[in-house]
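The values are calculated or read from the model by the stated rules, or taken from the named source; none is laboratory data. Given the structure is predicted, the values throughout are model-derived calculations rather than measurements. Using ideal geometry, Cβ is built from the backbone for each residue, glycine included, and neighbour counts are taken over all protein chains shown. Note: accessible area is taken over every heavy atom of the protein model, side chains too, but ligands, DNA and RNA are not part of it. Shrake-Rupley method; radii C 1.70, N 1.55, O 1.52, S 1.80 Å.
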Amino acid sequence: MAAQLNSGGPVSKTDRRSFLKLLGTGAAASAMQASIGRALAIPAHNATGTIRDVEHIVVLMQENRSFDHYFGMLQGVRGFGDPRAMRLPSGAPIWQQPTGTSYVLPFHPTAPDLGLQFIEDLPHDWDTTHAAWNNGNWDGWVPAKGTTTMAHLDRSDIPFHYALADAFTICDAYHCSLLGPTDPNRYYMWTGWVGNDGKNGGPVIDNAEAGYDWSTFPERLQAAGVSWKIYQDIGTGLTQAGEWGYTSDAYIGNYGDNSLLYFHQYQNAPDGSPLAQRARTGTDISAGDSPFAGFEAHVKAGKLPQVSWIVAPEAYTEHPNWPANYGAWYVSQMLDILTADPEVWSRTALFITYDENDGFFDHMVPPTVPTGPQTGASTVDTINELFAGNDTYVAGPYGVGARVPMLVVSPWSRGGFVNSQLFDHTSIIRFIEQRFGHDDPGLVEANITPWRRAVAGDLTSAFDFRTPNRAVATLPSTVSYQPPNTERYPDYKPLPPTVQAMPQQEVGLRRARALPYRLRSHGGMTRDGAAFSLTFGNAGSQAAVFQVRSGNATQPPRNFTVSPGRELSDLWSVAPGAAYDLSVYGPNGFLRAFAGTGGGDTVSVRAAEEAGSVSVVLEIADHAGRGAVVSVLNAYSGRSERVVVSPGRSVVLPVAARTAFGWYDLTVTIESDPSYRAQVAGHIETGEDSMTDPQIGLRA
C-alpha cells in the first residue's frame with residue numbers, strides 16, 4: 001500500500017487506515033522530503049531569461065491558516081521576533097491580545113504530534129473578522145475568535161511546510177484578499193473581486209453560493225487561447241444536487257472549494273463545452289480513482305495546461321479541524337507528479353497558498369483603504385473597496401485581509417528566499433497576466449480595482465528568471481509523523497498556558513528578494529504649535545500604504561496610499577503641553593516614529609536613503625534657535641553618537657548600513673527634552689537581492 005500511495009494511488013474509505021499508518025512512518029517523512037529534493041535538483045528552463053520561460057502555472061489553494069499560525073517561528077520572516085511590530089491603542093505590544101482585564105499571547109499547544117491534531121475550527125465570517133480588525137486597531141481577536149486564535153505551530157509540527165520554505169521562496173507579506181470567509185477569497189483568486197460594484201449578484205461577502213454572473217478570469221484565458229483546467233474530484237456529483245462537489249465524506253469531492261461552480265455561466269454550460277470540461281469534470285475517488293489521476297495523466301501525456309488550479313478533498317485541505325500534515329502529504333504527491341518529468345518541472349511555477357486565515361491571529365495589520373476623511377487618504381482611486389453594510393453585515397473595507405502563507409515552489413525560486421512585497425490573491429491573476437497577456441490586452445482582469453492593482457504586486461519579484469540555476473540551499477533535517485487513528489477526532493481545543501511568554505522565533509538570516517519600495521516620511525510640529533504634521537512620499541515603483549497609529553487612543557489609525565512619485569500629508573491635533581506619539585508603518589519593516597510634547601520640540605529629524613552608498617542620511621535641524629545636544633542610537637551597531645546642533649542650524653549625519661545588509665534603525669533623543677524621541681528604520685533597496693532583517697528573532 002505504501003508504494004501505491006507514494007505513486008499517487010487511491011485513498012478510498014477502506015484505504016484510510018493504511019494511509020494513516022503510512023503517514024506515521026519515518027518512510028513517509030523521508031518520501032516527502034525526497035519530493036522536495038527532486039524538485040531542487042531539476043534546473044530551470046532558461047531559454048529567454050524572462051517570465052516567458054514559464055510554460056505551466058499551477059495554483060494549489062489550501063484552507064484557513066494564518067501566516068503567524070504556521071510560520072511565525074520560521075527563521076528570517078517577519079514573525080514572532082518582529083522588532084518593529086505595531087502596538088495596540090493601549091500602548092501594549094500587539095501580541096498581547098486583550099481579553100477582559102487580561103491578555104493572551106501567542107502560544108504553542110501542548111498536545112503531542114500537533115501537525116496531526118484535529119485543532120478546532122474558529123469563527124471566520126465577515127462580522128467576526130471585522131470585529132477582530134476593529135477599525136484597524138487589531139485588538140478584537142480573542143473576544144471575536146476565542147483563545148485558540150493565538151495558537152501556533154512550529155518546525156517540529158509541520159516539517160514539510162518548513163522544508164518547502166527552506167528550499168524555495170516564502171512570501172511574508174502575502175495577504176488573503178478579504179476580511180472574511182472562504183468563498184469570497186476564492187472569488188478574488190478566480191475573478192479579481194466579489195462583485196464589488198453591486199451588479200450580477202454581488203457583492204458577496206459570505207458563503208451563500210447563490211449563483212452569480214460577473215465575469216471570471218478563466219473565461220478571459222479561454223478567449224485568449226490560453227489552456228486551463230480545474231483539477232478536482234467529483235465526489236457525489238458536480239451539480240447543485242451534488243452540492244458542487246461538497247460531500248460528507250471528507251476523502252472525496254472538492255469540499256465545495258471550486259468557486260467557479262457558483263457562477264451561472266459554468267452551471268449552465270453544455271457538457272461538452274470548454275467551461276464544463278475544464279471546470280466541471282474530475283476524478284472519481286469513490287470508484288477507485290487516485291485523487292491525482294487526472295492531473296498525473298495530463299503530466300505524463302504532456303498535456304498539462306498552461307494554467308491549472310488544484311482543489312483538494314476536505315481531508316487534505318488543512319482546514320481545521322483537519323490536520324496540517326494531511327495537507328503536507330497531498331502537496332508532496334503533487335510535487336512528485338510534477339517532478340517525475342524533469343522537462344515539465346523545469347517549465348512549471350507552483351503557487352501554494354491559503355484562501356483565508358480561519359480565525360487564527362496574525363500580527364501584521366493589513367493595509368486597507370480609508371473608511372472616511374478622518375482615517376486617511378489615497379492618491380489611488382479607492383472605488384469599490386468599501387462595503388456599505390446592510391441588515392446582515394457590518395460596513396467596512398473588503399480588505400486586504402490577514403496574512404496567509406504563500407510558498408513559491410519552482411526552479412526559478414529556489415534557495416530559501418523571503419519575499420516581503422505586498423501581495424494578495426489578485427496577485428496570482430496578475431502573474432498569469434504578466435506571463436500570457438503581453439500580446440493580449442483582453443487578458444488584463446478588469447475586475448481588479450485600481451487600489452488593489454496599485455498596492456498588490458504581481459509575484460514576479462519572487463522569481464529569478466535571469467540566473468535561476470545558481471547553487472541552492474541544502475535541506476534541513478525533519479522528523480517523522482505519528483498520526484492518530486482513522487476516525488475524525490473531536491475538536492482539539494488548546495488552552496493558553498498559565499504562565500505566558502512570547503514564542504522565541506528561530507535565530508538567523510535568510511536571503512531576501514529585491515523589492516520595489518523606496519519610501520520616505522517625516523514630521524514635525526506646525527508653526528502655530530497646534531498640530532503635528534506628517535508627510536508621506538514614494539520614490540519607488542509600487543504604490544504603498546503607510547499606516548499611522550497614535551499613542552492617543554482617541555485618534556483612530558489612519559491609512560495613506562501613495563502612488564509612485566506622489567506625496568500626501570495630514571495633521572494630528574496636539575494640545576499645548578500635551579504629549580504626542582505617532583508611528584508610521586510601511587512595507588518590509590519601514591518605520592518612522594515621533595514622540596514629544598506639544599510646543600516643546602527644538603529639533604526635527606529627516607532621513608534620506610542612499611542606495612548607491614547603502615547608507616541613510618539624517619538631517620537634524622534646530623528650529624527654536626536655542627540649539628540642542630542630541631544622541632543617535634544605532635540599533636544594529638549598538639553604538640550611540642552624541643551630536644551638537646547649533647542654534648538655528650542643522651547637522652547632516654550619514655550612517656552606513658552596508659554591514660547590516662541595508663537595514664537601519666536609528667533613534668534620536670534630546671538631552672534637554674526627555675519626552676522627545678524620533679525613530680527612523682527600514683531597508684535600503686538597491687535593486688539587488690539582500691538578506692533579511694538581522695534584528696528578527698534576536699533573543700531579548
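For the reader, a short list of remarks on this structure follows.
- Inter-residue pairs, beta-carbon under 8 Å, first of a type in the set (S, T, N, Q) and in the stretch 524-536, second not in a strand (DSSP E or B), 6+ apart: 533/526
- Among the residues of the stretch 239-249, at least one is of a type in the set (A, V, I, L, M, F, W, C), outside any loop (DSSP other than H, G, I, E, B) and open to solvent by 10 Å² or more (accessible area, probe 1.4 Å).
- Close contacts from the stretch 675-699, counting a first residue that is within 25 Å of residue 75 (Cβ to Cβ) and a second that is among the charged types (D, E, K, R) and open to solvent by 30 Å² or more (accessible area, probe 1.4 Å), with Cβ to Cβ under 7 Å and a gap of 6+ residues or different chains, come to 684/609; 685/518; 689/511; 691/511; 697/506.
- Residues in the stretch 241-283 that are touching a helix residue (DSSP H, G or I) at 6+ places or on another chain (Cβ under 6 Å) and of a type in the set (Val, Ile, Thr): 252, 283.
- Leading residue by the ranking (farthest from residue 147 (Cα to Cα)) among those in the stretch 101-112 that are open to solvent by less than 40 Å² (accessible area, probe 1.4 Å) and part of a strand (DSSP E or B): 107
- Filtered residue count, the stretch 620-638, keeping only those that are at pLDDT 95 or above and open to solvent by 70 Å² or more (accessible area, probe 1.4 Å): 1
- Of all the criteria given as (1) assigned to a loop (DSSP other than H, G, I, E, B); (2) open to solvent by 10 Å² or more (accessible area, probe 1.4 Å); (3) at pLDDT 95 or above; (4) more than 28 Å from residue 314 (Cα to Cα), the one not satisfied by residue 124 is (4).
- Among residues of the stretch 293-305 that are over 9 Å from residue 231 (Cβ atoms), those with a beta-carbon under 9 Å from a residue that is among the hydrophobic types (A, V, I, L, M, F, W, C) and open to solvent by 60 Å² or more (accessible area, probe 1.4 Å) at least six positions away or on a different chain give the pairs 296/340; 299/340; 300/340.
- For the condition modelled with pLDDT of 70 or more, part of a loop (DSSP other than H, G, I, E, B), open to solvent by 10 Å² or more (accessible area, probe 1.4 Å) and under 30 Å from residue 431 (Cα atoms), residue 37 does not qualify.
- Of the residues making up the stretch 443-462, those that are farther than 24 Å from residue 184 by Cα and open to solvent by 20 Å² or more (accessible area, probe 1.4 Å) are 460, 461.
- Whenever a residue of the stretch 157-168 is among the charged types (D, E, K, R), its partners that are surrounded by 24 or more Cβ atoms within 10 Å (Cβ to Cβ), lying with C-beta atoms within less than 6 angstrom and at least six residues away or across chains, give the pairs 157/115.
- Subset of the stretch 56-71 (residues that are of a type outside the set (A, V, I, L, M, F, W, C) and in a strand (DSSP E or B)): 56, 62
- Filter result for residue 255 (of a type in the set (Phe, Trp, Tyr), open to solvent by 10 Å² or more (accessible area, probe 1.4 Å) and within 30 Å of residue 41 (Cα to Cα)): no
- Qualifying residue in the stretch 626-643 (condition: assigned to a strand (DSSP E or B), closer than 20 Å to residue 535 by Cβ, under 40 Å from the mean Cα position of the chain (by Cα) and not aromatic (Phe, Trp, Tyr)): no
- Those strands (runs of 3 or more DSSP E) lying entirely in the stretch 336-421 with at least 2 residues over 30 Å from residue 34 (Cα atoms): 376-378
- Comparison of 115, 81 shows that the only residue that is open to solvent by less than 50 Å² (accessible area, probe 1.4 Å) and more than 29 Å from residue 595 (Cα to Cα) is 115.
- Among the numbered conditions (1) modelled with pLDDT of 95 or more; (2) part of a helix (DSSP H, G or I); (3) open to solvent by less than 20 Å² (accessible area, probe 1.4 Å); (4) farther than 19 Å from residue 410 by Cβ, the only one that residue 319 does not meet is (2).
- The number of residues in the stretch 254-289 that are aliphatic (A, V, I, L, M) and either within 29 Å of the chain's Cα centre (by Cα) or within 18 Å of residue 308 (Cα to Cα) (or both) comes to 5.
- Checked against (1) touching a residue at least 60 places away in the same chain (Cβ under 8 Å); (2) in contact with a Gly (Cβ under 7 Å, 6 or more places away or on another chain), residue 645 passes all but a single condition, namely (1).
- Among (1) modelled with pLDDT of 90 or more; (2) crowded, with 23+ Cβ neighbours inside 10 Å; (3) not in a loop (DSSP other than H, G, I, E, B), the one test that residue 74 misses: (3)
- Per the conditions (1) within 23 Å of residue 513 (Cβ to Cβ); (2) in a strand (DSSP E or B); (3) open to solvent by 20 Å² or more (accessible area, probe 1.4 Å), the sole criterion not satisfied by residue 616 is (3).
- For first residues located in the stretch 432-450 and among the basic types (Lys, Arg), partners that are surrounded by 22 or more Cβ atoms within 10 Å (Cβ to Cβ) and lie 6+ apart or on another chain with Cβ distances below 6 Å form the pairs 435/54.
- Selection of the stretch 187-222 for residues being outside any loop (DSSP other than H, G, I, E, B), in contact with a Leu (Cβ under 9 Å, 6 or more places away or on another chain) and open to solvent by less than 10 Å² (accessible area, probe 1.4 Å) yields 187, 188, 190, 191, 217, 218, 221.
- Options 530, 575; residue that is open to solvent by less than 60 Å² (accessible area, probe 1.4 Å) and either in contact with a Leu (Cβ under 9 Å, 6 or more places away or on another chain) or of a type in the set (D, E, K, R) (or both): 530
- Residues of the stretch 77-100 satisfying the condition of being under 30 Å from residue 679 (Cβ atoms), in a loop (DSSP other than H, G, I, E, B) and not hydrophobic (A, V, I, L, M, F, W, C): 78, 79, 81, 82, 83, 84, 89, 90, 91, 96
This table checks each residue for (1) touching a strand residue (DSSP E or B) at 6+ places or on another chain (Cβ under 7 Å); (2) among the aliphatic types (A, V, I, L, M); (3) over 15 Å from residue 172 (Cβ atoms).
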position	(1), (2), (3)
42	no, yes, yes
46	no, no, yes
56	yes, no, yes
59	yes, yes, yes
64	yes, no, yes
78	no, no, no
83	no, no, no
